[in-house]
1. So for the range A:44-57 (the condition being more than 16 Å from the ligand (Cβ to nearest atom) and open to solvent by 10 Å² or more (accessible area, probe 1.4 Å)), does at least one residue qualify?
2. If B:Ile129 satisfies every condition in (1) more than 25 Å from B:Val250 (Cα to Cα); (2) open to solvent by 40 Å² or more (accessible area, probe 1.4 Å) but one, which is the exception?
3. Has the range A:10-32 got any residue that is facing another protein chain (nearest Cβ under 8 Å), in a loop (DSSP other than H, G, I, E, B) and without any contact (Cβ under 8 Å) to a residue 40 or more places away in the chain?
4. Of (1) under 21 Å from the mean Cα position of the chain (by Cα); (2) without any contact (Cβ under 8 Å) to a residue 24 or more places away in the chain; (3) surrounded by 14 or more Cβ atoms within 10 Å (Cβ to Cβ), A:Lys154 satisfies all except one. Which?
5. Taking the conditions exactly as written (within 14 Å of chain A (Cβ to nearest Cβ), open to solvent by less than 20 Å² (accessible area, probe 1.4 Å) and over 14 Å from B:Val186 (Cα atoms)), does B:Gly31 satisfy them or not?
6. Identify all residues within the range A:62-98 that are open to solvent by 10 Å² or more (accessible area, probe 1.4 Å) and within 16 Å of the ligand (Cβ to nearest atom); write none if there are none.
7. Any residue at all in the range A:34-42 that is within 16 Å of the ligand (Cβ to nearest atom), within 13 Å of chain B (Cβ to nearest Cβ) and either farther than 20 Å from B:Thr101 by Cβ or open to solvent by less than 10 Å² (accessible area, probe 1.4 Å) (or both)?
8. Suppose we filter A:Ala184, A:Ala167, A:Ala233 for residues that are assigned to a loop (DSSP other than H, G, I, E, B), more than 14 Å from chain B (Cβ to nearest Cβ) and away from the ligand (no atom under 15 Å from the Cβ); which single one remains?
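The values are calculated or read from the model by the stated rules, or taken from the named source; none is laboratory data. Note that the structure is a prediction, hence the values are computed from the model and not measured. Quick reminder, even Gly has a Cβ in these numbers, built from the backbone with ideal geometry, and neighbours come from all protein chains shown. With ligands, DNA and RNA removed, areas are computed over all heavy atoms of the protein, side chains included. Shrake-Rupley method; radii C 1.70, N 1.55, O 1.52, S 1.80 Å.
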Amino acid sequence: MSRVHEQWIRPGIAKTTFCAGCGHGILMNAVLRAVETLKIPPRELLFVSGIGCAAWIPSPNFNADTLHTLHGRAVAFAVGAKSFNPKLNVIVISGDGDIASIGGNHLIHAARRNDDITVICASNENYGMTGGQTGPTTRLGGLTATHPAGNPYKPFDLVHLVLAAGAQYAARYTVTQPRALSNAIERAVSTKGFCFIETISPCPTQFGRRNRFDQIDKLYDDLVSRYITRQEAHKMDPKDTVEKIVTGEWFRGEVMP
Amino acid sequence: MTAPLKKQTQYLMGNIAAAEGALAAGCRFFGGYPITPSSEIMEHMAKVLPGKGGVFMQMEDELGSIAAVVGASWAGAKAMTATSGPGFSLMQETIGYAAITETPCVIIDVQRAGPATGQATRPGSGDIIQAKHGSHGDYEIIALAPSSVQEMYDLTIRAFNLSEKFRVPTFVMTDEGIGHLREGAVLHKDFETINRRKEPGTMPFDTDDPLFVPPMPIFGDGENLLVTGSTHDGWGYRKVEQPEVHERLVKRLRQKILDHRDEIIETSEDFTKDAELLVIAYGFVARSARKAVKVLREKGYKAGLLRLKTLWPFPKDIVARLTSVAHKVIVPEMNYGQVAGEVAKVSKSEVIPYCRVNGEVISSIELIRELERHVS
Ligand SMILES: Cc1ncc(C[n+]2csc(CCOP(=O)(O)OP(=O)(O)O)c2C)c(N)n1
């Protein structure tokens with residue numbers, strides 16, 4: 001973390017709670033870089049999170065108003081705060097289980113209403129905090145604590161889900177693309193309306209261990225080998241993109257995918 | 001026979017009077033989801049709030065309604081929602097969150113006969129225990145019970161004042177009978193408004209006096225608030241493994257309410273001084289009970305009524321005092337004895353529940369019959 005970002009860290013916080021190799025720390029840095037570049041005064045920022053490892057990115061670490069809520073409810077709390085005080089820049093940061101499974105209804109309805117908030121979803125393919133159970137973004141066949149023989153379900157495409165629901169802007173980047181990720185957060189926070197960023201953030205401790213990525217770098221190698229840009233995806237046969245992570249930015253009204 | 005309406009008296013529905021009470025008390029955020037028999041409150045707020053500079057949000061479900069209310073409260077709003085049984089059940093987890101984060105908010109539960117979907121259009125009082133114990137863990141809340149359209153207005157105002165003062169979720173536990181009742185009420189301005197206390201730079205979640213209510217800053221004040229539903233210290237830092245931090249917090253959440261019982265509790269009494277047969281009632285049934293007790297007095301029996309306007313914290317001292325005079329206590333209610341059970345915990349004399357759960361209100365005629373059985 002660069003020294004300029006230290007002012008954004010709450011006094012007394014010496015370390016994060018993330019495991020070695022967890023992507024959430026990179027996401028944390030990308031968020032701070034974005035708000036720093038945008039020069040938003042801390043008192044005009046509200047970070048809202050749910051429950052899970054990712055929900056601990058802003059709370060207690062960020063030195064601004066933080067609202068650490070209940071599992072699944074972050075978006076609804078955020079909508080209440082934003083609608084009463086529109087001057088607040090409201091940024092939700094939480095895990096994929098939190099945002100897209102138990103909180104999925106709030107997500108799609110906030111997108112439909114185009115509520116003026118930014119939602120950053122840290123997708124790590126499982127429920128990290130509770131021990132690596134299947135989550136809504138676990139890949140087909142992924143090994144988890146609740147599907148030891150492999151996840152039989154396809155994961156959500158969260159970007160297209162929120163766009164179909166009415167989001168203004170959506171992006172997907174992995175933590176191995178930190179600059180693009182940070183730029184997307186900047187764009188989302190400065191864009192009016194519902195903006196969504198899915199961050200692919202690996203979980204070595206739970207998902208990596210179960211899926212035979214014995215070393216942290218193997219998990220990152222897998223990530224780097226799988227992500228492609230939207231432009232690259234366009235040139236490919238759609239069936240070849242199934243295993244890929246398509247990254248980039250999407251705007252409302254634009255032709256998908 | 002009804003007395004002629006006073007000049008400023010309006011003829012209106014209980015639910016509308018509650019909405020008007022909220023507006024008069026300064027409510028400026030409403031988050032809700034439609035449910036019979038409470039929807040008139042939401043629709044009235046949708047119509048009136050925007051014109052008062054307030055915000056109305058129809059949320060996607062009741063989980064969202066109460067979450068938005070708590071979010072808006074921290075953004076500085078006096079905030080409320082209104083619902084009925086099924087929605088009230090969905091809200092419980094966040095009610096516990098509001099309790100541990102000491103978030104002022106008002107929840108009106110226009111009760112219907114449950115469980116589950118039950119009788120959507122019929123009255124019941126089956127949510128009284130749930131109001132106190134619906135969320136997991138130990139906590140205290142405040143719950144008020146109006147018996148008239150006038151009290152829908154007055155007690156909703158009071159709910160906001162108590163909620164702001166004690167930083168606690170506060171319930172107006174009414175029912176379909178009162179919610180849809182139409183009668184005269186005066187929407188007066190003759191009351192004091194309590195606003196939350198701010199003290200920049202002080203702890204938002206603890207005080208030096210471990211029994212009292214800390215001041216409450218809001219988002220945007222520059223206080224870098226740390227609000228969490230996990231066990232926290234006075235500044236909001238999560239301290240989830242220190243037994244003493246948890247105990248201090250949970251104890252204070254209880255004591256800040258229980259130590260102010262005298263200020264919070266309101267009851268009214270008819271003929272209780274020498275009452276040998278005491279009726280304890282609340283909500284719609286208290287109307288029938290009042291009539292029944294009067295008729296028994298006219299017949300020369302020493303009957304009296306204690307009407308509970310506050311259900312939680314439970315008015316146990318008043319019940320203990322009156323039951324030391326009475327020989328028998330009858331508790332008529334539209335559930336299987338939820339308040340009767342609380343009465344029995346402190347009563348000095350025999351407690352007889354009179355229960356009705358078929359969605360019909362308990363009439364004065366049948367209560368007179370029941371009371372006569374116990375005096376002769
Ligand atoms: C209502 C409720 N159900 C279940 C839980 C238990 N729980 C805590 S965190 C969590 C999953 C978190 O996963 P995710 O949101 O993907 O975040 P991660 O930890 O992976 O970053 C669950 C199920 C809870 N706290 N509340």
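1. yes
2. Just one mismatch for B:Ile129, condition (1).
3. yes
4. So A:Lys154 meets the others, but not (3).
5. Yes; evaluated as a whole, the condition is true for this residue.
6. Here is the first cut: in the range A:62-98, the ones open to solvent by 10 Å² or more (accessible area, probe 1.4 Å) are A:63, A:70-71, A:73, A:82-87, A:89, A:95.
Selection gives A:Leu70, A:His71, A:Arg73, A:Gly95.
7. In the first step, residues of the range A:34-42 are kept if they are within 16 Å of the ligand (Cβ to nearest atom); the result is none.
No, the range A:34-42 contains no residue that is within 16 Å of the ligand (Cβ to nearest atom), within 13 Å of chain B (Cβ to nearest Cβ) and either farther than 20 Å from B:Thr101 by Cβ or open to solvent by less than 10 Å² (accessible area, probe 1.4 Å) (or both).
8. A:Ala167
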